[in-house]
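> One structure, as structure tokens, below. Some questions next.
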Amino acid sequence: MSFAFAKSGPGRSYSGRFYIIAAIIVAGLQTLILGYIVQSRASILEHGAQVLLKTAPIDPRDFLRGDYVVLNYDISTIPVSTLTGGIPAQAGEQTLWVRLKRQSDGFWGIAESSFRQLPAASDAVVLKSLPFYSYGPDNGGTFRVEYGIERYYVPEGEGKPIDEARNDGIVSIAASVSSSGTAQIRSLVIDGKPVYEEPLY
């Protein structure tokens, strides 16, 4: 009878060390990436330009999804009449830059939009849309865009009052916008009063 024994020489030891080191490196990279995302969000909330956005009605069946609410904004529909620089001739994925200015009612609305980056202005904030599909000049009279702030998470079971307030047209969002055009929700406002505030971390 013969027995086979696994080799435990230097090669096997180096292989084990390699996998341990690789695992440490991967874990370290994941931690760095997560830390960067958290810090970027906190930086926008702390240092970004402050805007108040009016929400717009949507199908009530789509407004509430478990523990988060789906948000639609007046500024989500971009009139072609606000465009400067024209519409790209070719259909395909595009990004819109949207200049917002404060209006007499305190909310921020669309003053200008462009498929090219808009320069900064002291009395305005520029938002960058998420990529969307443009049909070119045949797109119609408006563009429908999102900004990455279309969901707001609330404690489980607390979405119903927000749904009702939305139906009454008294829900708005206070947001911070970075110099690069990225927005983060600071708080959800009902009837002029902040209801949920976002912590920095």
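> In what order do PHE143, PHE18, PHE132, PHE115 fall by count of nearby beta-carbon atoms within 10 Å, going from fewest to most? Could the numbers behind the result be given before it?
Details: PHE143 23, PHE18 10, PHE132 14, PHE115 17.
If I rank by nearby Cβ atoms, fewest first, I get PHE18, PHE132, PHE115, PHE143.
> Taking neighbour Cβ counts within 10 Å as the exposure measure, how do LEU118, LEU29, LEU127 sort from fewest upward?
In increasing order of surrounding Cβ atoms, one gets LEU29, LEU118, LEU127.
> Describe numerically, in nm with one decimal, the distance between label points set 7 Å from Cα along Cα→Cβ at ALA56 and at SER122.
Result: 3.2 nm between the two label points.
> In addition: If N is the number of residues in the stretch 54-201, what value comes out of its Cα radius of gyration divided by 2.2 N^0.38 Å?
1.09
> Further, regarding this structure: Skipping prolines and chain starts, which residues have an amide H placed within reach, meaning under 5 Å, of the one on TYR196, given they are 5 or more residues away or on another chain?
The answer is LEU188.
> While we're looking at this one, here's another question. Assign unit charges at the C-beta atoms only (+1 for Lys and Arg, -1 for Asp and Glu), then state the dipole size of the stretch 45-197 relative to its Cα centre in Debye, rounded to the nearest 20.
On the way: 14 positive and 19 negative charges, 85 e Å.
The dipole of the stretch 45-197 has a size of about 420 debye.
> Treat each spin label as a single point 7 Å out from the Cα along the C-beta direction, and report the TYR153 to ILE24 distance in nm.
Distance between label points: 3.2 nm.
> Still on this model: Based on the Cβ-Cβ distance of ARG144 and VAL195, what FRET efficiency does E = 1/(1 + (r/R0)^6) give at R0 = 30 Å, to the nearest 0.05? Kindly include the intermediate steps, with their values, before the conclusion.
Working: r = 27 Å, r/R0 = 0.91.
Plugging the Cβ-Cβ distance into 1/(1 + (r/R0)^6) gives 0.65.
The numbers here are math on the coordinates, done by the rules we state, and not lab data. Everything numeric in this text was worked out from a predicted model, so none of it was measured. FYI the Cβ positions are ideal-geometry reconstructions off the backbone, even for glycines, and counts take in every protein chain you see.
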